[in-house]
Each structure stands twice: as C-alpha cells, then as structure tokens.
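Presented below is the structure to which this report refers.
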Amino acid sequence: MGSGSRGLLLCKSSSSLVFLIPSFTCNNLRFNKTIANSRAHRMATEASSSSSSFTGGDSINPLASSSVNGAAFSSSSSSVIDFLSLCHRLKTTKRAGWVKRNVNNPESIADHMYRMGLMGLIMADIPGIDRDKCIKMAIVHDIAEAIVGDITPSDGIPKEEKSQREREAITYMCKLLGQGARAKEIDELWMEYEENSTAEAKIVKDFDKV
C-alpha cells in the first residue's frame, strides 16, 4: 500500500495511531499502538489454534456472551480492532476443499474473496447492475468463515445448520462494529448474497463458482 493510501486510513502521532473510519471521531478511536499490536497478535494466535474446531461438528455460539475479551460491545476503537483482528483469520485459514484434495499451497479464504472482488472490479458495465455492490458483496460473502471456518458438504453439517452458524457469526461481527451504518451494510450484503435475492447476488454467486 502506498503512502498516499495509508494516509486515508491512518494518521500517526508520536504515541498513537488513529483509525479514520466514517461515523467515528478521531478522539473516540485513539488507541495505543503497542496495545493494538498485542491485541491483533493475540487474536491471530487464538484463531490459528481454534479455527479447526469450528468445522469439526462442534456447535460454538459466539453470541453466548455479550462481551469480547471481557469488554462490553461498543463502537469503540477496541471493538474495531477486534473486528479487523478477527478478519485476519480469513488470511490464515486455507480453503477446505483444496486442503482435502491435497492441493499444494492452497489459497486462503481471503485470497478467494479478494479474487472475487477483482472480478467485480473488472467486470463489464451491465445496465441495471450496481458494480460497486458486487465488489462489496464479494468482499463480504464469506466473512462469517472467520468464525465458523470453511464448511464443506463433506463435513456432514446440514445446510440449515451451516446457515445458522454463519448467521450467528455475522450478527456477532456486526455487534463488534457497534451495529452502526457500516455494520448494517455488511449484514445486508451478506444476507442478500445468502438469499441470492438480487441480480448482483446472482452475479457474485457466479464469481464464486468460477
């Protein structure tokens, strides 16, 4: 990422970083860099050790508690960092279908989502189709797998249960974001894709098959 792009996301001071996220103020999002890095490292470590259990048939309900790491849900900087750290799992979780077929160096879930986002970026303009929505939906469509893992038909988990696990995961992740405008958008995009209810969802479903 170039320095110009970084400037859109972060502003630095001598002792802190400030995430510039719409609907939040800099004062609300000021946090200590050391704490943020420690939190990200801890959650990434927890993810690597726990992701396999999500696809092993054990039902894990992330909504059983109204807190994250002992802190109540809020639209605070810590919640935003928790959300981003949770999404880090998508980079480290390999796609199960490739793993089970012994594919060498298989893509991660994040690799898959990124490629689909690029498909939306370079797709031709189609009358009546919101291309920007297709890109966003591609980025969001598998985001619940940061919690539930990449569940495949061979795992023997009924489609209804898989959908329920993912629905609970999305709800949890949106609570991490404080359930504001961005959280609502993620929730709606995911549901639109899940229900295959729009022309954009059908196009992104095709991206997924490719």
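The values are calculated or read from the model by the stated rules, or taken from the named source; none is laboratory data. This one's a predicted model, so the numbers in the text were calculated from it and none came from an experiment. Please note: Cβ atoms are built from the backbone with ideal geometry, for glycine as well, and neighbour counts cover all protein chains shown. Surface accessibility is based on the protein's heavy atoms, side chains included, excluding ligands, DNA and RNA. Shrake-Rupley method; radii C 1.70, N 1.55, O 1.52, S 1.80 Å.
Worth pointing out:
- Electrostatic tally near Val148: other residues with Cβ closer than 9 Å to its Cβ, Lys and Arg +1, Asp and Glu -1, net -2.
- Scaled against the 2.2 N^0.38 Å expected of a compact globular protein of N residues, the Cα radius of gyration of region 92-208 reads 1.08.
- Protein accessible area in region 132-210, 1.4 Å probe - carbon and sulfur %: 52 percent
- Check: region 119-210 dipole with +1 on Lys, Arg Cβ and -1 on Asp, Glu Cβ, in debye: 140 debye
- Tyr172 accessible area, 1.4 Å probe, all protein chains in place, Å² to nearest 10: 30 Å²
- Accessible heavy-atom area order of Ser154, Ser79, highest first, probe of 1.4 Å: Ser154, Ser79
- Estimated vicinal HN-Hα couplings, Hz - region 172-180 in sequence order (Karplus 6.51, -1.76, 1.60; Gly, Pro = x): 4, 5, 5, 5, 4, 7, x, 6, x
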